[in-house]
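Data block below; observations after.
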Amino acid sequence: MKKSLLLTLFSIVSILGIAQIPYGSNHGKYITIKGAKVYYEEYGKGTPLLLLHGGFGSIKDFKQVIGTLSKKYRVLALDSPGQGRSEQIAAISYQIYADYYAAFIDQMKLDSVYVLGWSDGGNSAFILAHDRPDKVKKVIASGSDSDMFDAAPAGFVENMKTRTPENISEEYRQYWLNDFLKLSPNKNTWQKSFIQLRDMWVTKEVISDEHLRSIKSKFLVVYGDKDVIKLEHGLHIYRTIPSAQLLILPNTSHMVFSEKPALISQLIVEFLGK
């Protein structure tokens with residue numbers, strides 16, 4: 001009886017389309033880019049949708065939206081070099097990451113792509129859209145910034161500069177390090193990845209206003225109304241990218257994809273479908 005009830009409940013959930021595709025369920029692959037093995041997973045069919053996760057993260061950042069988005073698009077979710085299951089590289093920056101994503105597009109022989117970037121992933125998506133208008137058609141950038149010194153709350157940059165592997169906070173240990181040590185092929189040199197990401201976070205300019213103004217891709221910039229990124233900075237990005245659209249989600253922090261997965265998925269599909 002219990003078994004039948006469980007099967008019935010599972011069938012109902014599947015029919016309603018709310019069954020979540022677990023992160024790592026689709027037999028991920030590695031592709032070698034600039035000598036480094038980069039891990040990615042692929043779901044669904046249709047126009048390629050490149051998922052770029054946040055700093056100190058992995059594809060897991062999108063685990064609650066991959067299922068919905070894969071019903072409409074060919075989802076290609078990457079672990080950025082030095083994060084998740086991907087190998088470390090000598091140095092990272094938002095520009096270097098954008099170059100790796102561009103190389104991924106070329107090596108996968110994708111004619112054109114949509115891009116969904118969260119936080120650091122959105123930062124690099126600005127650069128990717130600027131550098132590769134031939135490939136990047138539409139972009140959703142959530143919780144992203146063009147200048148950390150302007151975007152971050154008072155004291156954030158100064159505090160981040162003091163962070164070291166020796167004084168890593170319990171928050172970062174729980175959110176990042178524990179998963180990193182499970183997934184990464186570079187778990188013995190996690191300190192290097194921490195320092196690389198920290199230094200990238202305290203870089204002042206991600207992309208210039210001049211470059212933002214020259215972006216040809218259609219953009220949707222997204223923020224939670226309680227985002228760590230100042231909404232005034234988000235408004236600046238919205239006003240600087242030609243024909244950008246702005247979405248501010250109520251009662252939402254920086255963690256858009258875990259707090260409002262159904263809503264943000266619906267709005268992404270609507271934006272990309274226009």
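When you look at residue 93, is it at pLDDT 95 or above, surrounded by fewer than 24 Cβ atoms within 10 Å (Cβ to Cβ) and of a type in the set (S, T, N, Q), yes or no?
On the way: at pLDDT 95 or above: yes; surrounded by fewer than 24 Cβ atoms within 10 Å (Cβ to Cβ): yes; of a type in the set (S, T, N, Q): yes.
Here the answer is yes, as residue 93 does meet what is asked.
Are any residues in segment 130-161 among the small types (Gly, Ala, Ser) and touching a helix residue (DSSP H, G or I) at 6+ places or on another chain (Cβ under 9 Å), and if so, which ones? Spell out how you get there, then give the answer.
Of all residues in segment 130-161, those among the small types (Gly, Ala, Ser) come to 141-144, 146, 151-152, 154-155.
Residues satisfying the conditions are 141, 142, 143, 144, 146, 151, 152.
To keep it simple, each residue is scored yes or no on (1) part of a helix (DSSP H, G or I); (2) over 14 Å from the mean Cα position of the chain (by Cα).
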{"residue": "32", "(1), (2)": "no, yes"}
{"residue": "46", "(1), (2)": "no, yes"}
{"residue": "56", "(1), (2)": "no, no"}
{"residue": "60", "(1), (2)": "yes, no"}
{"residue": "98", "(1), (2)": "yes, no"}
{"residue": "106", "(1), (2)": "yes, yes"}
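The conditions are (1) within 14 Å of the chain's Cα centre (by Cα); (2) at pLDDT below 95; (3) of a type in the set (Phe, Trp, Tyr), and residue 10 fails exactly one of them. Which is it?
Of everything listed in (1) within 14 Å of the chain's Cα centre (by Cα); (2) at pLDDT below 95; (3) of a type in the set (Phe, Trp, Tyr), residue 10 misses just condition (1).
Within segment 150-159, restricting attention to residues that are touching a residue at least 24 places away in the same chain (Cβ under 8 Å) and outside any helix (DSSP H, G or I), which residue is surrounded by the most Cβ atoms within 10 Å (Cβ to Cβ)?
152
When you go through 90, 125 one by one, which is the residue that is more than 21 Å from residue 220 (Cα to Cα) and either without any contact (Cβ under 8 Å) to a residue 12 or more places away in the chain or in a helix (DSSP H, G or I) (or both)?
On the way: 125 fails: more than 21 Å from residue 220 (Cα to Cα).
Sole residue among the options that is more than 21 Å from residue 220 (Cα to Cα) and either without any contact (Cβ under 8 Å) to a residue 12 or more places away in the chain or in a helix (DSSP H, G or I) (or both): 90.
If I ask for residues that are buried (at least 18 other Cβ atoms within 10 Å of the Cβ), touching a residue at least 40 places away in the same chain (Cβ under 8 Å) and closer than 23 Å to residue 36 by Cβ, which ones from segment 195-217 would you list?
Of everything in segment 195-217, those that are buried (at least 18 other Cβ atoms within 10 Å of the Cβ), touching a residue at least 40 places away in the same chain (Cβ under 8 Å) and closer than 23 Å to residue 36 by Cβ turn out to be 196, 197, 200, 201, 206.
Taking segment 160-179 only, how many residues are assigned to a loop (DSSP other than H, G, I, E, B) and either buried (at least 17 other Cβ atoms within 10 Å of the Cβ) or of a type outside the set (Gly, Ala, Ser) (or both)?
Keep residues of segment 160-179 that are assigned to a loop (DSSP other than H, G, I, E, B), which gives 162-164, 168-169.
Those left that are additionally either buried (at least 17 other Cβ atoms within 10 Å of the Cβ) or of a type outside the set (Gly, Ala, Ser) (or both): 162-164, 168.
Qualifying residue count, segment 160-179: 4.
The values are calculated or read from the model by the stated rules, or taken from the named source; none is laboratory data. Given the structure is predicted, the values throughout are model-derived calculations rather than measurements. Every residue, glycine as well, gets a Cβ built from its backbone with ideal geometry; the counts of neighbours run over all protein chains shown.
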